[in-house]
Amino acid sequence: MHQQLVIEKIASILEVTDDTYDVKLTQLLDSAKRIFIAGAGRSKLVGNFFAMRLVHAGYDVSVVGEIVTPSIKAGDLLIIISGSGETEQLIAFTKSAKKVGANIVLISAKSESTIGDMSDAVFQIGRSEQYGKVYGMPMGTVFELSTLLFLESTISHVIHEKGIPEEIMRERHANLE
């Protein structure tokens with residue numbers, strides 16, 4: 001019962017999400033010198049998933065907040081994952097990136113927000129009204145899982161478009177685990 005609930009809810013979110021986002025996001029990834037990914041809480045975990053797959057696909061990626069993350073510069077891309085677009089820490093990251101001339105993308109449940117207003121692009125996952133209370137999927141679960149699947153689908157698009165064999169991706173996978 002609960003598996004079906006989750007599957008149906010995520011499917012309903014992705015059904016109304018713009019189906020050109022994967023192409024648009026791929027173009028932004030390809031035009032960036034380097035890619036930085038930021039989120040808070042579970043959205044940060046979703047960002048970590050995406051960052052790992054981008055590395056496997058051959059991109060230069062850093063996760064904001066890690067000790068080895070370099071400084072962001074003009075020509076770089078900052079991807080913020082935030083359901084609300086209002087997380088204070090992420091607003092601060094966005095302001096810093098904007099100040100140095102980096103491009104900014106917000107992936108959010110809302111089309112308008114503080115971070116969205118500063119971003120070069122906003123990818124709204126689903127529609128705002130779909131994010132009310134959902135029994136069995138508390139506190140942001142719907143956004144996080146929908147975003148995870150959207151980003152995994154984007155990776156699928158990238159590897160198919162570029163013809164990246166899984167063997168090459170495996171070679172790029174961490175071997176100090």
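Each reported figure results from applying straightforward, stated rules to the coordinates on display, with no laboratory input. Source: prediction; values computed, not measured. Cβ coordinates were reconstructed from backbone atoms using ideal geometry, including for glycine residues, and neighbour counts include every protein chain displayed.
Summary table below
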quantity	calculated
Relative contact order computed over the stretch 2-171 (Cα-Cα under 8 Å; 6+ residues apart), in percent	26
Candidates per chymotrypsin sites (Phe, Trp or Tyr not before Pro) in the stretch 64-165, loop by DSSP, up to 14 other Cβ within 10 Å	TYR135
Protection proxy ranking, peptides 12-20, 167-175, average beta carbon neighbours within 10 Å, highest first	12-20, 167-175
Neighbour-count order for LYS44, LYS33, fewest beta carbons within 10 angstrom listed first	LYS33, LYS44
Those aspartates and glutamates that a straight Cα-Cα span of less than 19 Å connects to LYS99, excepting residues fewer than 8 apart in one chain	ASP76, GLU86, GLU88, ASP117, ASP120
Restricting the stretch 94-160 to trypsin sites (Lys or Arg not before Pro) in coil, as DSSP defines it, with at most 16 other Cβ within 10 Å	ARG127, LYS133
Inter-part distance where the stretch 58-88 and the stretch 27-41 are each reduced to a Cα centre, Å	6
